[in-house]
Amino acid sequence: MDHLPRFTAAAVQAAPVYLDPAATVDKAVGLIAEAAAHGAELIVFPEVFVPGYPYWNWTMNPVQGSPWFERLQRSAVDLPGPHVDRLREAARRHGVVLVIGVNERGPHSLGVLYNTLLTIGPDGELLGVHRKLVPTWAEKLTWTGGDGSSLKVHQTPVGPLGALACGENTNTLARFTLLAQGELVHASCYIALPVAPADYDMADAIAVRTAAHSFEGKVFSVVACSTVSPEIVDMLAGDDEELRKQFTRPRSALSGIFGPDGRPVTEPLVDDEGIVYAEIDLARCIQPKQMHDIVGHYNRFDVFRLHVDDRPRTPVTFATDTGAAGSTAPPSIEPRRTDTAGPIKEDS
């Protein structure tokens with residue numbers, strides 16, 4: 001690579017307008033304009049920012065939570081659809097690379113929702129639609145898992161960019177799959193988790209995961225986490241004082257930008273809404289790679305082999321029109337193969 005980009009990145013820490021996709025997209029468009037005005041060329045938003053996270057999975061039993069699932073299904077995003085079109089237009093208008101999380105409605109079933117990350121180029125092109133591979137713990141009551149077709153690194157003006165949602169950043173093989181495709185900029189998208197077990201510090205967990213990926217891969221990571229607004233607390237906790245106390249628990253969110261040495265480039269933001277800015281210079285990734293390059297000289301591909309099945313998974317296949325009807329492949333994205341020597345072996 002003759003030219004290694006140097007640019008400003010922005011990590012957005014904010015709450016959605018809960019279960020209101022149009023209003024949440026309005027808020028996102030305003031934050032994109034704000035970040036772009038501060039010189040950001042890459043803007044990363046939280047996981048399922050549009051239109052919010054299903055906290056009821058953690059605080060209610062499945063029967064109590066079922067009406068909330070219906071509310072989320074009715075307010076989720078279609079691909080393609082008008083809400084995504086607005087986000088694409090905002091990226092194009094401001095000339096930024098955008099990563100943002102949405103709840104995506106499955107096109108083939110009313111019972112299918114995906115936890116989806118959209119990667120949008122500065123020309124408004126939808127570069128990537130990544131569906132979270134495995135919903136974490138209680139999330140399995142809401143989301144269907146994605147497939148390997150979206151584990152791709154995208155060539156963008158800010159460099160080779162990959163993205164994972166929340167707990168996926170703990171999945172070593174998923175992270176390695178992105179690194180082995182030349183990832184140099186990693187977007188980590190999270191939700192605030194005040195409903196975690198009492199001994200779980202979400203801010204620490206995010207920082208540890210982000211530092212680990214940055215240090216192991218010698219890459220920059222931009223991590224964006226949502227917050228829990230008073231409106232969300234009112235909707236989900238009501239008059240339950242114990243739940244209200246739980247939803248306002250401190251150290252439930254952290255956003256920031258980490259360098260290839262695993263350290264924050266600037267002070268991360270904890271709990272409060274705001275935008276973290278930092279300059280990324282991808283030339284800083286070169287010298288650390290000489291010491292430990294886990295997708296190059298610091299590995300043994302004669303000993304280890306990672307096989308990635310990147311075929312889109314469909315609920316039905318017709319002989320006359322393979323994969324068209326009922327396909328769960330990300331819309332508007334033609335799955336492609338990445339030719340990689342050594343680290344990844346894919347189906348032929």
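Overview of results
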item: Using a Förster distance of 51 Å, the FRET efficiency for residue 6-residue 64 (Cβ separation, nearest 0.05); result: 0.50
item: Projected-area mean, the range 15-172, by convex hull of Cα positions, square nanometres; result: 9.1 nm²
item: Inter-label distance for residue 140 and residue 71, nm, one decimal - labels placed 7 Å from Cα along Cα-to-Cβ; result: 2.5 nm
item: Sites residue 170 and residue 272 - FRET efficiency at Förster radius 22 Å, r taken between beta-carbons, to 0.05; result: 0.30
item: Sparse-neighbour loop sites [trypsin sites (Lys or Arg not before Pro); the range 102-170; at most 12 other C-beta within 10 Å; DSSP]; result: none
item: Proximal lysine pairs, the chain, alpha carbons under 19 Å, eight or more residues apart or interchain; result: 5
item: FRET E, pair residue 304, residue 239, Förster distance 41 Å, beta-carbon r, rounded to 0.05; result: 0.15
item: Kyte-Doolittle at least 0.5, axis length at least 15 Å by Cα - qualifying DSSP helices, the chain; result: 21-37
item: Surface accessible to a 1.4 Å probe, per residue, for the residues of the range 25-152, Å²; result: 36 Å²
item: Rounded if a/c under 1.5, otherwise prolate or oblate - the range 62-144, Cα gyration tensor axes; result: prolate
item: Once exposed loop GluC sites (Glu not before Pro) are cut out (DSSP; at most 16 other Cβ, 10 Å), longest piece of the chain; result: 126-272
item: Share antiparallel - DSSP beta bridges, the chain, percent rounded to 5; result: 55 percent
item: For the range 247-289: relative contact order, % (alpha-carbon pairs under 8 angstrom, 6 or more apart); result: 35 percent
item: Surface share of carbon and sulfur [accessible, 1.4 angstrom probe, percent] for the chain; result: 53 percent
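The values are calculated or read from the model by the stated rules, or taken from the named source; none is laboratory data. Keep in mind that what you see is a predicted model, and the values were worked out from it rather than measured. Note that each Cβ is placed from the backbone with ideal geometry, even for glycine, and that neighbours are counted across all protein chains shown. When the accessible area is computed, the model is the full protein with side chains, heavy atoms only, and any ligands, DNA or RNA have been set aside. Shrake-Rupley method; radii C 1.70, N 1.55, O 1.52, S 1.80 Å.
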